[in-house]
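Just so it is clear, none of the values below were taken in a lab; they were calculated from the coordinates. What you see is a predicted model; the values in this text were computed from it and never measured. Ideal geometry is used to build each Cβ from the backbone, glycine not excepted, and the neighbour counts take in all protein chains shown.
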Amino acid sequence: MSTMKHNPPNPEQLAINAATVRESCNMRQTVDALRRHRIGGISPWRDKVAEAGLKDSAKMIRDAGLTVTGYCRAGLFPARDRKGRQQALDENMRAIEEAATLGAQCLVIVAGGLPKGSKDLIGAREMVRDGLGEILDHARGCGVPLALEPLHPMQCADRACVNTLRQALDLCDELDSSKGGALGVAVDVYHVWWDPELKAQIERAGEKRILGFHICDWLVPTADLIFDRGMMGDGVIDIPMIRSWVEAAGYRGMHEAEIFSAKNWWKRDVDEVLVTCKMRHESVC
């Protein structure tokens, strides 16, 4: 860990990405657990919202007084043919409208990887750029900022061909040159902690472009490319340092714990998970 000292975070800034408790909770159970533990923010996933019903999900979140820090997820633009690309666009339009109904502060965009059988990485990235351009006006009209989330390069082929904050911000500058907040980035420490340009790119992003800040940890060794994230403090990421950079850039939003953990935290009781998230947020973030 860095020897540099950082101020502890405000406990009220903790939010929970619903993926952290997805195996033990449906939408109602997640909302009830957050209220029980006095955690003020949630980032729901589309499948759980669909299961509970969009209007019912919006009402239960509103009644609980929760801030919807983000809505997961849309994007996944690259496809083998025009029909597939249009289906992706249609799905993104629906996701934008759902995010607006939920009152989400942003819709998280995961770019998508190579179409099946393709090796054309440049072409896939062009499809991402074109797809974002196609949905941006609809997002503006619905009042839903799009938060493009770069994913770790190990997920380039199958999940996201946008892998660095620089790449994501280049797309933001190209498609939303006014920097009006319609298109920005989600900074997930799990995906970007390794990047030697991270501090400079966070500074470049600034207050208007940073729409979300996601926390967890990188375990050594990591047993799975997706489903082995660590609880904050259990791995090698200097979360306080990255938080200090994000805050210095002007970000004042919530810190969203997003922990995919098939063999550990997903198997634990929801109350244990949330108590630990609160404790670790205050002590190691």
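Is it possible to state the helix-based mean residue ellipticity at 222 nm for the chain, with each DSSP H run of 4+ residues giving -39500 (n - 2.57), the sum divided by total residues, to the nearest 500 deg cm²/dmol? What is it? Before the final figure, lay out each step's value.
Working: 10 runs with 122 residues, N = 285.
Mean residue ellipticity, 222 nm, calculated: -13500 deg cm²/dmol.
Using Cα centres only, tell me the gap between region 122-142 and region 197-233 in whole Å.
Result: 23 Å between the Cα centres.
What helices does the chain have that are whole DSSP H segments, at least 18 Å long along their own axis by Cα, and with mean Kyte-Doolittle hydropathy of -0.5 or more?
Working: long enough: 82-102 (30 Å, -1.04); 121-142 (31 Å, 0.01); 270-284 (20 Å, 0.09).
Once both thresholds are applied, what remains is 121-142, 270-284.
Do any GluC sites (Glu not before Pro) in region 116-225 lie in a loop, going by DSSP, with at most 12 other beta-carbon atoms within 10 Å of their beta carbon, and if so which?
On the way: sites: 126, 134, 174, 197, 203, 207; in loops: 197.
Of the GluC sites (Glu not before Pro), the ones in loops of region 116-225 whose Cβ has at most 12 other Cβ atoms within 10 Å are 197.
With equal scatterers on the alpha carbons only and no solvent term, can you work out the Debye log10 of I(q)/I(0) for region 32-73 at 0.24, 0.32, 0.33 1/Å?
-0.82, -1.23, -1.25
Determine the shape class of region 116-201: with a ≥ b ≥ c the square roots of the Cα gyration tensor eigenvalues, call it rounded for a/c under 1.5, and otherwise prolate if a/b is greater than b/c, oblate otherwise.
Working: a/c = 2.00, a/b = 1.21, b/c = 1.66.
Oblate.
Please list, by residue number, every one of the chymotrypsin sites (Phe, Trp or Tyr not before Pro) in region 151-243 that is coil in DSSP and has at most 15 other beta-carbon atoms within 10 Å.
In loop regions of region 151-243 (DSSP not H, G, I, E or B), the sparsely surrounded chymotrypsin sites (Phe, Trp or Tyr not before Pro) are 194, 227.
If you average 1/r over every pair of different alpha-carbon atoms in the chain and take one over that average, what Kirkwood value in Å do you get? Mind dumping the intermediate values first?
Values: mean 1/r = 0.0529 Å⁻¹.
Its Kirkwood hydrodynamic radius stands at 18.9 Å.
Can you tell me the dipole magnitude for the chain around its Cα centre, using point charges on the Cβ only (Lys, Arg +1; Asp, Glu -1), in Debye to the nearest 20? Display every interim value, and only then the final one.
Details: 37 positive and 40 negative charges, 60 e Å.
Dipole of the chain, to the nearest 20 debye: 280 debye.
Rounded, prolate or oblate for region 70-118? Axes are the square roots of the Cα gyration tensor eigenvalues, ordered a ≥ b ≥ c, and the cut-off for rounded is a/c under 1.5.
On the way: a/c = 5.27, a/b = 2.06, b/c = 2.56.
Because a/c hits 1.5 or more and a/b fails to exceed b/c, region 70-118 counts as oblate.
Of all DSSP beta bridges in region 11-284, what percent run antiparallel (nearest 5)?
5 percent
Listed highest first by mean packing, meaning other Cβ atoms within 10 Å per residue, what order do 27-33, 160-166, 219-225 come in?
On the way: 27-33: 19.1, 160-166: 23.4, 219-225: 11.6.
Descending mean neighbour count gives 160-166, 27-33, 219-225.
Bin all alpha-carbon pair distances of region 1-133 at 5 Å intervals from 0 and give each bin's fraction as a whole percent.
Histogramming region 1-133 at 5 Å steps yields 2, 10, 18, 17, 13, 12, 11, 9, 6, 2, 0 percent.
Could you list, bin by bin from short to long, the percent of Cα-Cα pairs of region 1-67 in 10 Å steps?
All Cα pairs, binned at 10 Å, distribute as 20, 48, 18, 11, 3 percent.
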